[in-house]
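Have a look at the structure below before the remarks.
The values are calculated or read from the model by the stated rules, or taken from the named source; none is laboratory data. This structure is a prediction, so every number in the text was calculated from the model and none was measured. Cβ atoms come from the backbone with ideal geometry, glycine included; neighbour counts cover every protein chain shown.
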Amino acid sequence: MITPLLRVAFLLAAVLLTLTGCQPATLVVGLAPGGTELQATAIERSGRWASPRVVVVDVSGSIVNARTGGLLGGGSNPVDDLARRLDAAADDPKVAAVILRINSPGGTVTASDMMYREVKRYRARTGKPVIALIMDVGASGGYYLACAADEIMAYPTSVTGSIGVILQTLSVRPALDRWGIQARALVSGPNKAGGSPLETLSQDQEALLQGLVDDFYLAFCKVVRNARPGIAADRFPTVTDGRVFTGTQAHAEGLVDQLGDIRDAFTRAKQLAHLKHADLFIYHSPLSTPATPYAQRSTPNVQISLLNVGDLLASATLNGPCYLWQPGIRAKD
């Protein structure tokens with residue numbers, strides 16, 4: 001039986017198909033979870049009764065302070081997700097350490113800083129160790145977040161770095177002029193419309209926006225310098241010029257402490273917590289039950305091969321300065 005929700009989904013698919021032509025893509029329509037309470041499930045047991053817990057907390061996808069990942073009430077807010085999981089870990093006396101598993105190319109400057117502060121707050125509140133484990137990608141804002149942990153671990157094949165800031169501007173004014181379309185903004189000052197896609201960016205306006213980028217870049221560099229004092233002074237300008245590194249390269253440069261996988265992170269977390277034995281747990285929603293250490297947080301959704309609306313909505317929130325790795329676009333150096 002076709003439910004009203006599926007009718008809406010098919011209608012959206014039909015409309016979007018006319019907009020996208022034959023381009024391969026996927027439509028993601030999120031379904032709201034049946035419950036919001038976090039659940040903790042053991043994914044590896046020590047075999048001993050009442051062992052302390054090491055908890056895996058996932059950060060996946062774009063780092064934004066907005067609901068992402070679905071339509072019609074679906075999706076979640078990445079900042080809220082992280083805060084809720086860290087609060088749950090702080091309130092559970094059995095939790096002895098946290099593995100912050102990061103798989104993100106970064107996101108907005110402020111959301112990255114929010115998450116960074118939440119991890120620092122957890123460490124100050126509990127005094128318990130946090131190991132950041134970089135998965136496929138932990139770049140730009142993802143690496144900024146990793147700097148809040150006690151130690152950073154990465155797979156040899158991880159992509160990390162991209163330390164820098166990007167503020168993307170776009171102007172369609174030349175095209176409008178060519179087509180004879182007039183667009184004029186009534187503004188309170190000469191710089192109010194600076195960066196508007198309907199205007200041409202003046203040199204003064206560009207200098208003002210560049211000042212924002214420079215300021216955020218200095219803040220990023222300060223976070224990295226404080227977290228990674230072992231990076232050689234003569235190498236610091238190079239590793240923070242916006243380039244990306246493999247996990248192996250990042251380890252050689254001092255951007256990460258150790259190469260390894262989830263089981264190595266588990267071992268290191270136990271060492272930092274002075275534990276011989278511990279159970280490995282993961283926080284998850286009621287509708288997903290992890291079975292192995294490789295289970296990752298996900299949002300239930302219905303997928304229709306057409307257009308990834310969830311990604312489009314997430315991209316729409318990435319306005320303004322970003323700590324974001326976009327292959328082919330170099331961050332401010």
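The table below gives the values:
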quantity: Tally of residues being buried (at least 24 other Cβ atoms within 10 Å of the Cβ) and either of a type in the set (Gly, Ala, Ser) or free of Cβ contacts under 8 Å to residues at least 40 places away in the same chain (or both) across the stretch 83-118; calculated: 8
quantity: Condition met for Gly247 (touching a strand residue (DSSP E or B) at 6+ places or on another chain (Cβ under 6 Å) and of a type in the set (Gly, Ala, Ser)); calculated: yes
quantity: Helices (runs of 4 or more DSSP H) lying entirely in the stretch 166-250 (those with 1 or more residues that are of a type in the set (Gly, Ala, Ser) and touching a Cys at 6+ places or on another chain (Cβ under 6 Å)); calculated: 203-227
quantity: The stretch 136-165 - residue that is hydrophobic (A, V, I, L, M, F, W, C) and part of a loop (DSSP other than H, G, I, E, B) and, of those, farthest from Ala269 (Cα to Cα); calculated: Val165
quantity: Matching residues, the stretch 46-84, being charged (D, E, K, R) and at pLDDT below 90; calculated: Arg48, Arg67
quantity: Residue in the stretch 192-200 that is in contact with a Pro (Cβ under 8 Å, 6 or more places away or on another chain) and either on the phi > 0 side of the Ramachandran plot or free of Cβ contacts under 8 Å to residues at least 40 places away in the same chain (or both) present; calculated: yes
quantity: Counted residues, the stretch 108-135 - those being outside any helix (DSSP H, G or I) and not small (Gly, Ala, Ser); calculated: 8
quantity: Selected residue [charged (D, E, K, R), in contact (Cβ under 8 Å) with a residue 40 or more places away in the chain, surrounded by fewer than 16 Cβ atoms within 10 Å (Cβ to Cβ) and over 22 Å from Ala149 (Cβ atoms)] from Asp204, Asp234, Asp264, Asp214; calculated: Asp214
quantity: Single unsatisfied condition, Thr160 versus (1) surrounded by fewer than 17 Cβ atoms within 10 Å (Cβ to Cβ); (2) closer than 16 Å to Trp325 by Cα; (3) touching a strand residue (DSSP E or B) at 6+ places or on another chain (Cβ under 6 Å); calculated: (1)
quantity: Exclusive hit being farther than 18 Å from Val130 by Cα and modelled with pLDDT of 60 or more, set Ser285, Ser298; calculated: Ser285
